[in-house]
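Following this message is one structure expressed as structure tokens.
The values are calculated or read from the model by the stated rules, or taken from the named source; none is laboratory data. All figures in this text were calculated on a predicted structure; none of them were measured in a lab. Note: ideal-geometry Cβ built from the backbone for every residue, glycine included; neighbour counts use all protein chains shown.
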Amino acid sequence: MESTRRTIAELVAARWGDHRPGLWFEDRVLSHHETAAGAAARAALLAELLPPGAEPHVGVLLDNTPEYPLWIAAAALAGAAVAGINPTRRGPELARDILHTDCRVLVTERIHLPLLDGLVPPGVRLLVTDTAAYEDLLAPYADAKPDPARATPEDRLLLYFTSGSTGAPKAAICSQGRLAAAGRSLVDHFGVRPDDVHYVCMPMFHGNAVIADWAPALTAGAGVALRRRFSASGFLDDVRAYGATYFTYVGRAVQYILATEPRPDDRDHVLRLGFGTEAGTVDAAAFEERFGVRLVEGYGSSEGGAAIQRTPGTPAGAIGRAAPGDDLAVVDPETRTECPRADFTAEGRLLNGAEAIGELVNRGPNPFEGYWANPEADAARQRDGWYWTGDLFYRDADGFLYFAGRADDRLRVDSENLAAAMIENILARYEGADAVAVYAVPDPVAGDQVMATLAGTFDPLAFDAFLPAQPDLGTKMAPRFVRVVERMPVTATNKIHRVRLRREGFQCPDPVWWRPPGESAYRRLDAEDVAGLVAEYRVRGREELLAR
């Protein structure tokens, strides 16, 4: 049985001879057998392309095309690892991702070639999947069969980038054994069946799509339907066309779907479950009301150091309780002591956020497998024998955990983890900037928004022109809010007073410029704007996060 298999390679090989439809993409359909055969061919090609003694790492810079899961499966068969290369990165940062993960093979497609212009390091073999040359390379291996014998549960399989406070790349390691175990766990938890179809619309360079969507489908022998890039307007049509029964989401995807025009046939589908993070209680309820689909909020990271499971009886707004075996605590990072439990009003508003909100840590054994070639990041994540998540939480009297944002100067914007230092380095090029600080302010729905404080002179028109001219400014790095000060606030040790900046947010005594949603230019934030924003946070139950 698939549930007893301990490697992804074994699960891939188990699909050999299964001629049911297994992979849908646009107008293409591959059987489970064809996907196993395709993985075997690519594994054989990879064995030829990797230089002797090189790290068996393959960079994959693709949209959600069939080539993505085929290359993950191929890497599993070959005992290799896939480094998910994020197409929202730019310039030197993109090149550094490839270099840092020691990729000797880089798989991409023609649409992404402009991103790589002049960036592919010497010694890296570039494969462009939608070309005749690529098909010619694969042709000699068409008869290859999947052989899982060389794979072990300890083999690295995924290297997924996260961002830390220094801006240095961190590639979280996920082994075959951990990914297979995650697939088994979700199959058991959600009752995934072989006749299910998992709709993968989140990008596969993120752990969410692979760990929470593709892996349980592979484990159960279920089908997978791919969407090249997430589309709110195309979501329901895809769900119907593919007969999708399950999907995953991150960030504001659910809100984007809800923003589409309601239709009389919104419940005409077989979709039964969505699993993800950061939908928000209000939008999760609205999604179920409109589409008849239950959303299950969970918490976990590509690092695997901590997990929270939603169980029956979880209060509205809570993520859930610690997973079995996890010794989770909400800790004050300064004192290393547990924060007091949260107190709420009768309406459910948090009363003691300043004391109750702390960093979530796992004090027990955990499956964190480290970061690739980054001992400093390993040490920062595992301190005092504990695993520090870098995420802020609070906990109620019954032990239920509530997500409260990102710790330090890490930001999570629309499902993307960003490093403040990286954005600061870019904004520091602005001619009027004497000093820049970048930090997170909570998003009204989920995650964070980018806010910058700029000491110096600020011209909104010049700043508007400056941002798109920066080649390494990612698509989600532009500040939503810009606070302008004469002098940067500092601590007694002359460091930027980030805690104060975050706490004051956009409700501060200094001028603030902002880009409202849907607008392309910065304008002055006025009292009416602030009142409207605060009201939106209040409606969504996140007002208390404004003063964290």
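Being surrounded by fewer than 15 Cβ atoms within 10 Å (Cβ to Cβ), within 30 Å of the chain's Cα centre (by Cα) and free of Cβ contacts under 8 Å to residues at least 60 places away in the same chain, is that true of even one residue in segment 429-441?
Yes, segment 429-441 has at least one match.
Can LEU94 be described as closer than 18 Å to PRO203 by Cβ and either in a strand (DSSP E or B) or touching a helix residue (DSSP H, G or I) at 6+ places or on another chain (Cβ under 7 Å) (or both)?
Numbers: closer than 18 Å to PRO203 by Cβ: yes; either in a strand (DSSP E or B) or touching a helix residue (DSSP H, G or I) at 6+ places or on another chain (Cβ under 7 Å) (or both): yes.
Answer is yes for this residue.
Considering only residues of segment 41-55 that are touching a residue at least 60 places away in the same chain (Cβ under 8 Å) and under 28 Å from the mean Cα position of the chain (by Cα), which is nearest to LEU138 (Cα to Cα)?
Out of the qualifying residues, it is ARG42.
Filter segment 351-393 for residues that are surrounded by fewer than 19 Cβ atoms within 10 Å (Cβ to Cβ), in contact with a Phe, Trp or Tyr (Cβ under 9 Å, 6 or more places away or on another chain) and under 30 Å from PRO56 (Cβ atoms) and give the result.
ASP378, ALA380, GLN382
Just to verify a result, which residue in segment 194-224, among those that are assigned to a strand (DSSP E or B) and buried (at least 24 other Cβ atoms within 10 Å of the Cβ), is nearest to the chain's Cα centre (by Cα)?
VAL200
Here's a follow-up. Restricted to segment 455-508, and to residues that are among the β-branched types (Val, Ile, Thr), in a loop (DSSP other than H, G, I, E, B) and more than 21 Å from TYR522 (Cβ to Cβ), which residue is modelled with the highest pLDDT?
THR491
For every residue, the table says whether it meets (1) on the phi > 0 side of the Ramachandran plot; (2) aliphatic (A, V, I, L, M).
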| position | (1), (2) |
| --- | --- |
| GLU338 | no, no |
| ALA354 | no, yes |
| GLY364 | no, no |
| GLY385 | yes, no |
| THR389 | no, no |
| ARG395 | no, no |
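Among the residues of segment 437-454, are any assigned to a strand (DSSP E or B), modelled with pLDDT under 90 and farther than 21 Å from VAL530 by Cα?
no
While we're looking at this one, here's another question. Taking segment 242-291 only, how many residues are assigned to a helix (DSSP H, G or I), among the hydrophobic types (A, V, I, L, M, F, W, C) and surrounded by 14 or more Cβ atoms within 10 Å (Cβ to Cβ)?
9
Output the qualifying pairs, or none if there are none: Cβ atoms under 9 angstrom, residues six or more apart or on different chains, first residue in segment 195-210 and touching a residue at least 24 places away in the same chain (Cβ under 8 Å), second residue among the polar types (S, T, N, Q) and in a helix (DSSP H, G or I).
Every condition considered, the pairs that remain are MET202/ASN208.
If you scan segment 130-144, which residues turn out to be under 14 Å from LEU46 (Cα atoms) and part of a loop (DSSP other than H, G, I, E, B)?
Answer for segment 130-144, where residues must be under 14 Å from LEU46 (Cα atoms) and part of a loop (DSSP other than H, G, I, E, B): ALA142, ALA144.
If you don't mind, there's one more thing I want to ask. I need every pair where a residue in segment 94-122 that is over 13 Å from VAL82 (Cβ atoms) has its Cβ under 7 Å from the Cβ of a residue that is assigned to a helix (DSSP H, G or I) and of a type in the set (Val, Ile, Thr), sequence separation at least 6 or different chains.
Taking only residues 6 or more apart or on different chains, the pairs are PRO121/ILE98.
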